[in-house]
Every structure is written in structure tokens, then in C-alpha cells.
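Input: a single structure, listed below in C-alpha cells.
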Amino acid sequence: MEVDDLSPEVVTWGLATQFVGQRIVYHPVLTSTMDVARQEARQGAAEGTVVLADRQTAGRGRMERVWLTPGGNIALSLILYPPLSYLPYLIMLASLAVVHGIETTTGLKPQIKWPNDVLINGKKVCGILIESDVQGGSVSYSIIGIGLNVNLDPADFPEISPIATSLSHELGEDISRLKVLRCLLTELEGLYLRLSDAGSVFREWHDNLETLGREIEVQSGDTFYRGLAESVEVDGSLLLRGADGSLSRIVAGDVTLRR
Ligand code: BTN
């Protein structure tokens, strides 16, 4: 396929946001957009700056996993300077922005696997990584990293093919990254501005979670939990009901559905 151009002037042209994506730092190839965004944030980059790459040579995911970024997909990191009270909501707004962006541009109906994987037909289409620096009770910066499989054939990557999908794979045609990206940036800003009413963002995230009501296994650090995903709390933590009736509150972890 011919890979569409994501150079800054193309992405920002007519982009209807106030600050998200109004400054784009674009590299055809870099190690990880997270690393470049961290340097940018430490140098005081404008809020809403987006670091964007065609390919990452050291893309990373949660729990120190590798994130594959061949060309044709979206790898970005968004720099924000939120108040401390917004931090729990960043995973919610990021996953919702991806859901809205995919729905609007493709008509596909993604779902969120707690806490913030975006799935289509049960397979992962997008991963989100959030890194924040908190000093003395205030946030120096937060970086939202988003890796979205747009034009990727899972069969080319046996290490992820059983669990991964892409927009092109779901629709059977090449997809314009530019269209998806511009919609995603608009959604990210809209949801970020909505955090003054964080409860509404929480409710929408809650309603899009495919995990609730399912029997699951969760790995959180070295601990494994099993049980029914009963509910989520406003800070994003998951409440899991064990077979013995106990209730565990899990702040971070990796969910597997039990058959
Ligand atoms: C996960 O599912 O574990 C999170 C994956 C996050 C991948 C994105 S791609 C853009 C940004 N740069 C990285 O190195 N990681 C995030």
C-alpha cells in the first residue's frame, strides 16, 4: 500500500482543535515517541504537542512489553500538563477518544478491555501507555502514548497474530491514517476539556468496558486474581469478586477472559 503523509503541515491543516495537535513533532523513524515526548516536555513544550512517528525501533507497551510499529500505523505521544486530580481519568479519556475516532472514521464498533486496551471483535487494535511525572504533589507533565494498528496484516507478525487486529484487517481495505489521526486528536481534546465534569467521562468509559460482568483472570505485578469483574470505581480501579465471595480492588493489571 502507499503510506499516507503525516508531515506536520498536512496533519495540522484546518485541524479544528485549540491546542491538541497544533504543534506536531514528526519523525519518520525514532526509538519511541514516549522518549522524544519526555524530552520535549522537560524542555517545556506547549501543551497539546504531539510527537508522531511512522516507525518506532523501540516502541514500548505496558509492563515493559515491546510494541511493534511497522509503517502504515499510528504511533503518537501527546503532552499534557493536567492538574493532579485529572490523572486517574487520562486512561479513560484516551481509550474513549480512540473508540470515538475509530467509530467516526470507519463505522467499526470497538470496545474497551479494562483498563485501556481497545478491541475489535475481541482482538486488540490499540494500546495506550500513560507516563506522568509528579513532583511535590503536582504534575510536571503527562504523556499519553497511543499505538493504533491502522494498516497492519496480523499474519505478518506471528508473535501477535492470535491476539491483534487492525482497522484494515477488519474492513478488508487500506485506511487513511490521516483521517483517523485528525479525528483522534479532535476527540482527545474534546474529552480532555470535558474533564471538568470527570464523572461524565467515567460513566462513558464504564459503559464501554467489555470486561464487566465477565469471568476473568488478572495479573497485577506478581499476583494473579480470578473472579467476576463486578464493577469499576471512579479512580479506574477494578473490583473483582472471587469464588469465595471476597472482593479485590485492582489498580493496574492485565486481564484475560476465562472461557
Ligand atoms: C500497551 O498496550 O501495552 C501499550 C502500547 C502503547 C504503544 C504506544 S505507540 C506510541 C507510544 N510510544 C511507545 O513506545 N509506546 C506508545
Review point. Filtering region 102-159 down to residues that are in contact with a strand residue (DSSP E or B) (Cβ under 7 Å, 6 or more places away or on another chain) and small (Gly, Ala, Ser), which residue is farthest from the ligand (Cβ to nearest atom)?
Key: Ser140
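Using the structure shown, decide if Glu9 is touching a strand residue (DSSP E or B) at 6+ places or on another chain (Cβ under 7 Å), outside any strand (DSSP E or B) and away from the ligand (no atom under 15 Å from the Cβ). Break it down into steps so the answer makes sense when it comes.
Details: touching a strand residue (DSSP E or B) at 6+ places or on another chain (Cβ under 7 Å): no; outside any strand (DSSP E or B): yes; away from the ligand (no atom under 15 Å from the Cβ): yes.
No.
Kindly evaluate Val99 against the criterion of being farther than 29 Å from Glu230 by Cβ, within 16 Å of the ligand (Cβ to nearest atom) and in contact (Cβ under 8 Å) with a residue 24 or more places away in the chain. Full working, then the answer.
Values: farther than 29 Å from Glu230 by Cβ: no; within 16 Å of the ligand (Cβ to nearest atom): yes; in contact (Cβ under 8 Å) with a residue 24 or more places away in the chain: yes.
No.
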Review point. Do the conditions hold for Arg38, that is, is it modelled with pLDDT of 95 or more and over 25 Å from Asp235 (Cα atoms)?
Key: no
Practice item. Check whether at least one residue in region 90-110 is touching a Pro at 6+ places or on another chain (Cβ under 9 Å), in the same structural domain as Leu171 (by TED's automatic domain parsing), surrounded by fewer than 21 Cβ atoms within 10 Å (Cβ to Cβ) and assigned to a strand (DSSP E or B), and report yes or no. Key: no
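So if I check each of Arg194, Arg182, which one is surrounded by 20 or more Cβ atoms within 10 Å (Cβ to Cβ), of a type outside the set (Gly, Ala, Ser) and modelled with pLDDT of 95 or more? Talk me through it step by step, then tell me what you get.
Numbers: Arg194 fails: surrounded by 20 or more Cβ atoms within 10 Å (Cβ to Cβ).
Exactly one residue qualifies, and that residue is Arg182.
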Practice item. Check region 115-126 and report whether any residue there is farther than 24 Å from Ser220 by Cα and part of a helix (DSSP H, G or I). Key: no
**Study point:** When residues of region 227-259 are limited to those that are without any contact (Cβ under 8 Å) to a residue 24 or more places away in the chain and among the charged types (D, E, K, R), the one nearest to Thr211 (Cα to Cα)
**Key:** Glu230
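Where residues in region 34-78 are β-branched (Val, Ile, Thr) and closer than 16 Å to Gln22 by Cβ, which of them is farthest from the ligand (Cβ to nearest atom)? First the steps, then the outcome.
Restricting attention to region 34-78, the residues satisfying the condition of being β-branched (Val, Ile, Thr) are 36, 49-51, 57, 66, 69, 74.
So of that shortlist, the ones also closer than 16 Å to Gln22 by Cβ come out as 49-51.
Details: Thr49: 14, Val50: 11, Val51: 8 Å.
Per the stated criteria, the residue is Thr49.
Kindly indicate whether Ala16 is part of a loop (DSSP other than H, G, I, E, B) and within 11 Å of the ligand (Cβ to nearest atom).
Answer is no for this residue.
The values are calculated or read from the model by the stated rules, or taken from the named source; none is laboratory data. Quantities reported herein were computed from a predicted structural model and do not represent experimental measurements. A quick note on method: Cβ atoms are made from the backbone with ideal geometry, for glycine too, and the neighbour counts reach across all protein chains shown.
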